[in-house]
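The values are calculated or read from the model by the stated rules, or taken from the named source; none is laboratory data. The shown structure was predicted, so the numbers you read here are calculated from the model rather than taken from an experiment. Please note: Cβ atoms are built from the backbone with ideal geometry, for glycine as well, and neighbour counts cover all protein chains shown. All accessible areas refer to the heavy atoms of the entire protein, side chains included, with ligands and DNA or RNA removed. Shrake-Rupley method; radii C 1.70, N 1.55, O 1.52, S 1.80 Å.
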Amino acid sequence: MPDSSTYIQLDWVSMMAGSALILLTIAISFWRGLGAEKDLFIASVRCAGQLLVMGLVLRYLFRLREWYLVIGVLVLMTGFAAWESYRRVRKPVAGTLWVISACVFVATLISVSYLTHVVVRVRVWYDPQYLIPLAGMILGQAVNGAAIAAERLTQSIRDNVGDIETYLALGATPRRACRKHLRDAVHAGLIPTVTAMMVAGIVKLPGMMTGQILAGADPFDATLYQIVIFFALSFMAGITAMMVVELLHRRFFVGDVRLRREAV
Amino acid sequence: MVTVLHCISLESVAFCIQGLDHPIVDGISFTVAEGERLTLLGPSGSGKSTILRLIVRLEERTAGAIHSGPDLIDDLPVRDLRRRIALVPQEPSLLGLTVRGNLDLAAELSGVAATMSYEELLSRVDLPVDLLDRSGRELSVGQKQRVTLARALIGRPQALLLDEPTSALDPGLQAGIAGLLNRLADDLGTAILTVTHSPQLAASLGGRGIFLRRGRIEDAGEMQQLLSRDGGSVVAQFLNGELRESS
């Protein structure tokens, strides 16, 4: 863990100075009548509140180091991630919440276990210093992967009922009838991750790497961590999007026979 | 005694939708014999297209029985049912593929070894062979309609179900499609069940006809007789444009 002597701690003056930036943005928006103040204000308050709570929880967890508390926080984080993904899907088909929740839970379990035990090789399996930040990062990706894939698939199926029924009438299975839409949805779910990987190190330094460098870590060590994290993020976004489309498209069909009228 | 083999038979078939106070299809019974031409005629909203969808299980009936040959359609694997009975939908969609892509897809999905070359298939539906590698976007509606017919014929179905096959065509082209369908029925022995609200197409197709209204059979018989009912009959009212209804 980085020593506090290797980085400059932020005091309340620094925090106020940082807040001035968002206040300035809100003020400019208000002055020019651009209407972004409400969104910016709510987002800033939510962001600061959520992060402060998380910071306090993490401080508490790091002190106690109890496995059940760490798992509890992970389950909560995963639940919120699933709910946030679900919320982003317009007019979701019945069962979408369950599909997204199952996929986010399974993908998180696989990714976090693999990262902590095979890649980082932590000494204590529930070490909150590794488990919580790693889970936090990959969950953010799961939210993107699941939400974008679910949204794209839902709209795509509804916009192409005629073609899908043409496939079915020719004897295709639902999966074959939706294949193009499954591909498009997975592709869309991966765009943010792929884009971030493409520009990493050139256009911007990724958040985790920047954070480690600011905290005093060797830049090359921070880079190695970041590369592994990117691979884990793309695994998370990819596997979540793939599981979501595989399970979700079935919710639009009655067996292998026909489209569910109320779903489309 | 001559045994008539039924390709499709419907017994007291009904279809209702939750929230709708009247059935879409209400106690329909009829049979289609092998190689027969039968046309369902009626105004919009009379349940004609739904009947076709019920036969291939794109909708699930709420009552009655539908047989394909001796088999209840629910007992057949759905792929086999749709190989036996091919539905040609009203909107001729070529699924973003070329003509060849469509025929390849139909061959792959039907799982039946081709008995006709693509060239022969296209000539059967009056299309020039040089269209094979054209994209669907480059074809006229009439050409697309013919490609969907060729695509449906790949699996050598026992019956073709045609949903308003000429609704998007000029009157001149309608007669061409009717002639083509009659030739297909005669040459290939395929039963053809057509749904239309066009008396002209119904007359050109000939064969037997059923007149539907509000999901029920109002009249049935040889098409020529059906179309020459006297002025008081519901068919005559429809022909005179006095019946306009939609669900």
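Count of the stretch B:227-241 residues, restricted to those that are in contact (Cβ under 8 Å) with a residue 24 or more places away in the chain and assigned to a helix (DSSP H, G or I), is 3. If the condition is being touching a helix residue (DSSP H, G or I) at 6+ places or on another chain (Cβ under 6 Å) and either open to solvent by 70 Å² or more (accessible area, probe 1.4 Å) or assigned to a loop (DSSP other than H, G, I, E, B) (or both), then the stretch B:115-125 contributes B:Glu119, B:Val125.
A single member of A:Val93, A:Val106, A:Val119, A:Val99 is open to solvent by 30 Å² or more (accessible area, probe 1.4 Å), under 20 Å from A:Ile148 (Cα atoms) and touching a residue at least 60 places away in the same chain (Cβ under 8 Å), and it is A:Val106. In the set (1) part of a loop (DSSP other than H, G, I, E, B); (2) surrounded by fewer than 21 Cβ atoms within 10 Å (Cβ to Cβ), B:Leu184 fails one condition alone, (1). Taking first residues from the stretch B:3-30 that are within 21 Å of B:Gly45 (Cα to Cα) and at pLDDT 95 or above and partners that are of a type in the set (Lys, Arg) and buried (at least 19 other Cβ atoms within 10 Å of the Cβ), the Cβ contacts under 8 Å between residues at least 6 apart in sequence or on separate chains come to B:Val13/B:Arg61; B:Ala14/B:Arg61; B:Phe15/B:Arg61; B:Val25/B:Arg61. Which ones in the stretch B:126-140 are surrounded by 15 or more Cβ atoms within 10 Å (Cβ to Cβ), part of a helix (DSSP H, G or I) and among the hydrophobic types (A, V, I, L, M, F, W, C)? Residue satisfying the conditions is B:Leu131 alone. The single condition from (1) within 14 Å of chain B (Cβ to nearest Cβ); (2) closer than 16 Å to A:Val194 by Cα that A:Leu259 fails is (2).
Within the stretch A:165-197, the set of residues being facing chain B (nearest Cβ under 10 Å) and not charged (D, E, K, R) comprises A:Thr166, A:Tyr167, A:Leu168, A:Ala169, A:Leu170, A:Gly171, A:Ala172, A:Thr173, A:Ala177. Scanning the stretch A:213-235 for residues that are part of a helix (DSSP H, G or I) and touching a residue at least 40 places away in the same chain (Cβ under 8 Å), we see that the one that is farthest from A:Thr154 (Cα to Cα) is A:Leu214.
Every condition in (1) within 14 Å of chain B (Cβ to nearest Cβ); (2) crowded, with 17+ Cβ neighbours inside 10 Å holds for A:Gly162 except the one numbered (2).
Scan the stretch A:235-256 for residues that are among the small types (Gly, Ala, Ser) and either within 14 Å of another protein chain (Cβ to nearest Cβ) or open to solvent by 10 Å² or more (accessible area, probe 1.4 Å) (or both) and jot them down. A:Gly255 - this is the single residue of the stretch A:235-256 that is among the small types (Gly, Ala, Ser) and either within 14 Å of another protein chain (Cβ to nearest Cβ) or open to solvent by 10 Å² or more (accessible area, probe 1.4 Å) (or both). Filter the stretch B:12-22 down to the residues that are within 14 Å of chain A (Cβ to nearest Cβ) and among the hydrophobic types (A, V, I, L, M, F, W, C), then identify the one that is nearest to the chain's Cα centre (by Cα). Restricting to residues being within 14 Å of chain A (Cβ to nearest Cβ) and among the hydrophobic types (A, V, I, L, M, F, W, C), the top hit is B:Phe15. Of everything in the stretch A:67-79, what is without any contact (Cβ under 8 Å) to a residue 40 or more places away in the chain and open to solvent by 60 Å² or more (accessible area, probe 1.4 Å)? Give them in sequence order. Across the stretch A:67-79, the qualifying residues are A:Tyr68, A:Val75, A:Leu76. A search for C-beta distances below 8 Å between a residue of the stretch A:180-203 that is under 18 Å from A:Leu139 (Cα atoms) and any residue that is open to solvent by 50 Å² or more (accessible area, probe 1.4 Å) and among the hydroxyl-bearing types (Ser, Thr, Tyr), counting only pairs 6+ apart in sequence or on different chains, returns nothing.
Within the stretch B:103-114, the set of residues being more than 9 Å from every other protein chain (Cβ to nearest Cβ), open to solvent by less than 40 Å² (accessible area, probe 1.4 Å) and at pLDDT 90 or above comprises B:Leu103, B:Ala107. Evaluating A:Leu61 against the criteria (1) open to solvent by 80 Å² or more (accessible area, probe 1.4 Å); (2) touching a helix residue (DSSP H, G or I) at 6+ places or on another chain (Cβ under 9 Å); (3) part of a helix (DSSP H, G or I) leaves one unmet condition, (1).
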